[in-house]
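Data first, discussion second: the structure below is written as structure tokens.
Rule-based calculations on the coordinates, nothing more; no lab input. All figures in this text were calculated on a predicted structure; none of them were measured in a lab. Counting neighbours? That spans all protein chains shown, and the Cβs are built from the backbone with ideal geometry, glycine included.
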């Protein structure tokens with residue numbers, strides 16, 4: 001049974017074999033996640049044909065592939081934009097302006113969360129933490145970092161994308177890849193021209209290290225600490241078990257028994 005045009009499917013099967021070869025014999029299904037990324041690099045999302053082909057290659061049920069595809073948010077089950085613009089709305093980014101950025105982009109693009117613009121250019125997403133808290137608020141374009149964003153800079157970013165201009169991440173690749181290009185990288189086929197571009201950490205990420213070096217701070221030597229002191233005899237009898245459980249011993253001040261007496 002074929003799932004794609006002959007040439008497309010033959011190339012997929014050849015690259016799938018490369019991916020599967022990275023895993024120990026007998027654990028071929030461990031390749032399912034990169035294979036799903038490979039499908040997205042072709043179709044732009046996880047299609048029914050892609051699920052069928054993966055199930056055929058891994059000798060498993062389509063439902064097993066679908067279970068993985070629906071569990072992880074990086075896998076899209078409907079057509080995705082050429083660029084996914086993700087706005088971090090987790091705690092720190094949110095209070096520093098992430099929520100405002102999301103609301104502003106919804107109005108600018110005339111779409112809601114996980115919706116795609118009419119021209120198919122941008123899918124807008126509210127994201128959880130991207131581990132870029134030291135540069136909050138953060139916006140991601142196909143998982144490339146755009147740090148210290150404002151509503152104004154985010155609007156300019158999406159306008160540049162819609163105009164077909166290259167957009168330049170703060171850290172990492174010199175230009176944000178398309179969704180399909182990013183999916184191919186995640187499948188394990190990096191672009192040799194961009195693989196080593198940029199750095200993941202910047203001054204804000206390394207500030208603690210800088211201060212520690214300037215002040216001669218060092219981690220304590222584990223050998224300087226002795227063994228924890230043993231509990232004194234009688235502790236268990238007087239409520240040590242309760243203490244170990246994080247509760248006050250029954251009968252003492254502020255204990256549960258004391259509270260019951262106060263309620264009478």
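Projecting the alpha carbon convex hull of the range 152-231 along each direction and taking the average yields 11.8 nm². Distance between the modelled labels on residue 170 and residue 92, one decimal in nanometres: 1.1 nm (7 Å Cα→Cβ projection). For the range 6-71, the gyration tensor built on C-alpha atoms gives an oblate shape. Its axis ratio a/c (a ≥ b ≥ c) is at least 1.5, and a/b is not larger than b/c.
Equivalent ellipsoid of the range 83-178: semi-axes from √(5λ) of the C-alpha gyration tensor, largest first, are 18, 16, 11 Å.
Taking label positions 7 Å along the Cα-Cβ direction at both residue 131 and residue 5, the computed distance is 3.8 nm, reported to one decimal.
Working ranking of peptides 215-223, 3-11 by packing, defined as the average number of other Cβ atoms within 10 Å per residue, highest first, is 3-11, 215-223. Spacing of the modelled spin labels on residue 194 and residue 21, each 7 Å from Cα toward Cβ, amounts to 2.6 nm.
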